[in-house]
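This report refers to the structure that appears directly beneath it.
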Amino acid sequence: MLMFKKCFVLLLALAAMQACQPPTFRVVFDSSQEISGKKFAIADITPGLPRDWDTCNFVTLEFRATTAQRFHVGFTTATGYNELRVMNYVPGAWNRLSVPLKFFRNEPGSAVDLAATYNQPRYTGWINLGGKRGPLQGVDSIGFRMRRPIGAPEIEIRSIALFADDPGDAYLGDVPAVDEFGQWNLSDWEGKIKSHEQLQSDWAAEDAEPVSTAAFNYSRYGGYLNAQVRGDGFFRTANIDGRWWFVDPDGYLFLSVGVDCVRPGGGGMVRDADKRTGMYKELPPAALHERSRRNSTPSFGAWNLHRRYGDSFREKANSNIINRMDKWGLNTIANWSSADVMSLNRKAFILQLQNIGISGSLMGLTDVYEPEFAARTERAIINTVAPQVNNPWLIGWFLGNEPAWMGRESQLCATILEGNERPIKTELQKFLSDNGDIPINRKAFIHRTFATFLQTVRLLLRKHDPNHLNLGIRFGSGHLDPAILEICKENFDVFSFNCYELTPDTAMMNRTLAATGLPMLIGEYHFGTVDRGMAQSLWQVNSQEQRGVAYRYYTEQGYAHPGLIGTAWFQWCDQDLTGRGDGENYNCGLVDVTDRPYPYMVKALQETAVRLFDVHSGAVKPYDNPPVNARGHGGMPDTWE
């Protein structure tokens, strides 16, 4: 009888607990569909919410996603459907994500480049600004959509709440989302590290591999030993029989096969751990935190390298990076890479000019009308180039990255006119007064300002570093206004652009080559997937194997063009699982957080590198096996299934 009473009491307690749990609403995404999703009435999820959200600044969602794949979340309002892209740091666990409603209402503000403009970090995920903008009135439903879902993922939501002030984000799972190696802890995959012994075994196997560039027929600088012309001691460009090439310092024809962000110990930074209670099984020791001028940040990447090499891990890891590049057929350390790795002078490298006036408040433009503009720019260029002016391993200089004002010239003018008094505002007011305030004149003013900036930098760079190439600005797209191409033609040695597509656009490259007469370099591209708990990158594929297929297809198709002379994969190591400074957490690396290469990517790098000379020469056809179900990050069609 006593046992019965105890069980009865327990049953009553369980029933009370279940009664307190809010119901969940679930969408199962259909992997056979291009677009899959579902809408729910907000009144069903959280009864009593107002329909007009004008006095609210944050909407908080409690949800659980089974995947790291990005999804679109939006609201049906009186003026239509309005959505954003969301990436979740804790797939497999319940979490609370608070989204600023200004992202739905207003266009993005001023920032220096595209990533800074559109990426918005939170603590359990991050947001990329897309979709429509407008008032949040008559809000009656919430929707979740996904493009080409990988593996029938699901999202459950149990609560929606509105706040005037930021209520913060929260991890609501019972099991830490990140393990002691910096890996996603809520799922498994082939090759996942489970022990120190497994790590040591994998590292030892890699250390036993022979190191050589013989398979790629590389010269000491990475040029092709079977193709030599005049060398002048530094990198230059040359058009030979209608095809463009770099020429290395010894005169060997050279294609820049590179990687961005080459540095040891990436992929495991932990920002603001105190605001992510319960997310981490264990944080790296304080002695291994990465230190900057402003803070000290835990780093699983540094911890894993210390496990591998001991106290001298940085020097040994830098040397291993060069060994890996030798084995994999990579000959260029591209943008945003470690100065310590570049300073070894064992691989060609590329740098970006610093402190030349590019302004976030001007969407990546420069106020060339400031009286000190030329003098300040000259000082910055001298300080940047002086240590490298006689270094033959440096290919050249980028001037900037993905200026955010491209295609938004009128908005930038409005920002200038509404802002504080400054020389560029005075000049703009005079220009519009003289010529008329119409969109075409706003664009003309911005383009004129941009041309002045490039002309000034070109002359100063040539004056203080005549030995290295002007690689231009890594534009966010190669699809540029003909007026911009004309400006570039007069000011660059190489036309550079970032290109997140299935393959580089041949028609676009043809137009660019015809308009500028310049060889081209692709500064960023990549492919990723979701099996490691990270978002799938700007272009997604279904598996790690398909990442390798995508690399071969994109790279060889690109180099088949006579004008393409360089590429840079973004990036060396995966991004941080719980987000870099702007939130991004892409599976885009050649190496993971445990300092182990991705085998399918390594195989693809090697197979591609042995063919690129013949592909670019036109002697063989490029690899023609596209990846399965690869999809980009662009706008969503107005469909649900």
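What follows is calculated from the coordinates using simple rules that are stated; it is not laboratory data. Since this is a predicted model, take the numbers as computed values, not measurements. Cβ: placed from backbone, ideal geometry, glycine included. Neighbour counts: every protein chain shown.
Here are the numbers:
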read-out: Protection-proxy order for peptides 57-64, 554-561, 31-38, each taking the mean of Cβ atoms within 10 Å per residue, highest first; value: 554-561, 57-64, 31-38
read-out: Relative packing of peptides 98-105, 235-242 - highest average C-beta neighbours within 10 Å first; value: 98-105, 235-242
read-out: Rounded, prolate or oblate (a/c below 1.5 giving rounded, otherwise prolate when a/b exceeds b/c) for the range 357-509 by Cα gyration tensor; value: oblate
read-out: Gap separating the Cα centres of the range 461-508 and the range 208-258, nearest whole Å; value: 21 Å
read-out: Antiparallel content of DSSP bridges confined to the chain, in %, to 5; value: 70 percent
read-out: Cβ-based exposure ranking for 382, 395, in which fewest neighbours within 10 Å come first; value: 382, 395
read-out: The chain, relative contact order [Cα under 8 Å, separation at least 6], %; value: 16 percent
read-out: Value of relative contact order over the range 355-424, rounded to a whole percent, pairs C-alpha under 8 Å and six or more apart; value: 45 percent
read-out: Inter-label distance for residue 273 and residue 106, nm, one decimal - labels placed 7 Å from Cα along Cα-to-Cβ; value: 3.5 nm
read-out: [x] 115, 33, 22; [y] 38, 30, 27; [z] 43, 33, 23, with the label sought being that of the calculated semi-axes √(5λ) of the Cα gyration tensor in Å; value: [z]
read-out: Least to most buried among 337, 410 (fewest other Cβ within 10 Å first); value: 410, 337
read-out: Computed label-point distance, nm, for sites residue 354 and residue 190 using a 7 Å Cα→Cβ extension; value: 4.3 nm
read-out: Contour excess over end-to-end distance, with Cα ends at residue 430 and residue 240 and 0.36 nm allotted per residue; value: 63.6 nm
